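Here is the structure we will look at.
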Amino acid sequence: MKERRDYMFTVVRQWRESGLTRNEFCQQHGVSLSKFGYWIARFKEAQPGGDGSFIPMGSPGSTTHGVLSVIYPNGVRLEVPSADLRLLSRLIALG
């Protein structure tokens, strides 16, 4: 079953990178839309924060000012300077 899961997660990644709609991708790859929707949901759950929770990005009180990534449930990833807390707050509110 793990092999099937790994294969379908690879297919989901390919779809995300393809720019195609779910329907177009499924037609081109001979996958049923309902089964593909199931695998997309499993893929999202398997990602860090897939349960809707926040992921700690660093330790509290850290003095380094790097870049933080905000990853939305739809897979969109934004990177912002960690020192810009106002911008980070607004981006999180958009999710």
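The values are calculated or read from the model by the stated rules, or taken from the named source; none is laboratory data. This is a predicted model, so every value here is computed, not measured. With ideal geometry, Cβ positions are generated from the backbone for all residues, glycine too; neighbour counts draw on all protein chains shown.
Look at Ser32 and say whether it is more than 20 Å from Ser69 (Cβ to Cβ), surrounded by fewer than 11 Cβ atoms within 10 Å (Cβ to Cβ), touching a helix residue (DSSP H, G or I) at 6+ places or on another chain (Cβ under 8 Å) and free of Cβ contacts under 8 Å to residues at least 60 places away in the same chain. Working first, answer last.
Numbers: more than 20 Å from Ser69 (Cβ to Cβ): yes; surrounded by fewer than 11 Cβ atoms within 10 Å (Cβ to Cβ): yes; touching a helix residue (DSSP H, G or I) at 6+ places or on another chain (Cβ under 8 Å): yes; free of Cβ contacts under 8 Å to residues at least 60 places away in the same chain: yes.
Considered against the rule, which asks whether it is more than 20 Å from Ser69 (Cβ to Cβ), surrounded by fewer than 11 Cβ atoms within 10 Å (Cβ to Cβ), touching a helix residue (DSSP H, G or I) at 6+ places or on another chain (Cβ under 8 Å) and free of Cβ contacts under 8 Å to residues at least 60 places away in the same chain, Ser32 comes out as yes.
Picking from residues in segment 61-81 that are assigned to a loop (DSSP other than H, G, I, E, B) and modelled with pLDDT under 70, the one that is nearest to the chain's Cα centre (by Cα) is His65. Restricting attention to segment 11-31, does a residue exist that is of a type in the set (Gly, Ala, Ser), part of a helix (DSSP H, G or I) and over 20 Å from Val76 (Cα atoms)? Checked against the condition, which is being of a type in the set (Gly, Ala, Ser), part of a helix (DSSP H, G or I) and over 20 Å from Val76 (Cα atoms), segment 11-31 yields no hits at all.
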